[in-house]
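Let me begin by presenting the structure, written as structure tokens, before commenting on it.
The values are calculated or read from the model by the stated rules, or taken from the named source; none is laboratory data. These numbers were taken from a predicted model, which means no experiment stands behind them. Glycine also receives a Cβ, built like all others from the backbone with ideal geometry; neighbour counts cover every protein chain displayed.
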Amino acid sequence: MKKEDLVKMSHEEHQAYHRRIIYVMIMLMLVLFGGATFYHYVEKWSYLDSVYFSASTITTVGYGDLHPVTDLGKFFTVIYLFTGVGIALYALSLMASHFVEVREESWLERLEKTKIRQHTGTVWGKIKDAFNYKPGALVREYENSIKRKK
């Protein structure tokens, strides 16, 4: 596969991520404002209170200052919680994975541009060289010092 094909495929994948994020955000807004409309008509709340309650429910904040009082409102809230939280978490995970992918691509591009040198010496060898460590010379010096003492 040619590099141009890979770049084209990567660009198409990038666009697919953007489309998916847009679709999920649209779904999230539909769920948010759909729930707000439901609460507005069933619970007789103002539209601002309905949007506020819907947003705090989807984000699992739940301040407790508003709560549904009708049976239909309570039943809807149970279903709304699972649906809204699921969509919100999916949107969050989709955005996070997109940013991780973009970051990974930028690091891979940087790595491609960097020239990696091969080091023949080991870290231990560099430490020995830094301290001028010569084991043969040390052994001879030690043996000579023992011979002198005798």
Selection status of Gly84, buried (at least 18 other Cβ atoms within 10 Å of the Cβ), of a type outside the set (Ser, Thr, Tyr) and part of a helix (DSSP H, G or I): yes
Subset tally (residues that are at pLDDT 70 or above and surrounded by 10 or more Cβ atoms within 10 Å (Cβ to Cβ)) for the stretch 113-128: 3
Any pair with Cβ under 7 angstrom, 6 or more apart, that starts in the stretch 62-82 at a residue that is under 14 Å from Gly35 (Cβ atoms) and ends at one that is among the small types (Gly, Ala, Ser): Gly62/Ser56; Tyr80/Gly35
Pairs, first in a helix (DSSP H, G or I) and surrounded by 12 or more Cβ atoms within 10 Å (Cβ to Cβ) in the stretch 10-23, second modelled with pLDDT under 90 and not aliphatic (A, V, I, L, M), C-beta under 6 Å, six or more apart: Tyr17/His98
Residue in the stretch 13-25 that is modelled with pLDDT of 85 or more, in contact with a Phe, Trp or Tyr (Cβ under 9 Å, 6 or more places away or on another chain) and among the aromatic types (Phe, Trp, Tyr) present: no
Which listed residue, of Tyr63, Tyr41, is more than 30 Å from the chain's Cα centre (by Cα), hydroxyl-bearing (Ser, Thr, Tyr) and exposed (fewer than 12 other Cβ atoms within 10 Å of the Cβ): Tyr41
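Tell me yes or no: at least one residue of the stretch 93-100 is surrounded by 14 or more Cβ atoms within 10 Å (Cβ to Cβ), among the β-branched types (Val, Ile, Thr) and at pLDDT below 95. Before you say what the answer is, go through the steps one by one.
We begin by selecting, within the stretch 93-100, every residue surrounded by 14 or more Cβ atoms within 10 Å (Cβ to Cβ); these are 94-95, 98.
Now restrict to residues that are among the β-branched types (Val, Ile, Thr): none.
No - not one qualifying residue is present in the stretch 93-100.
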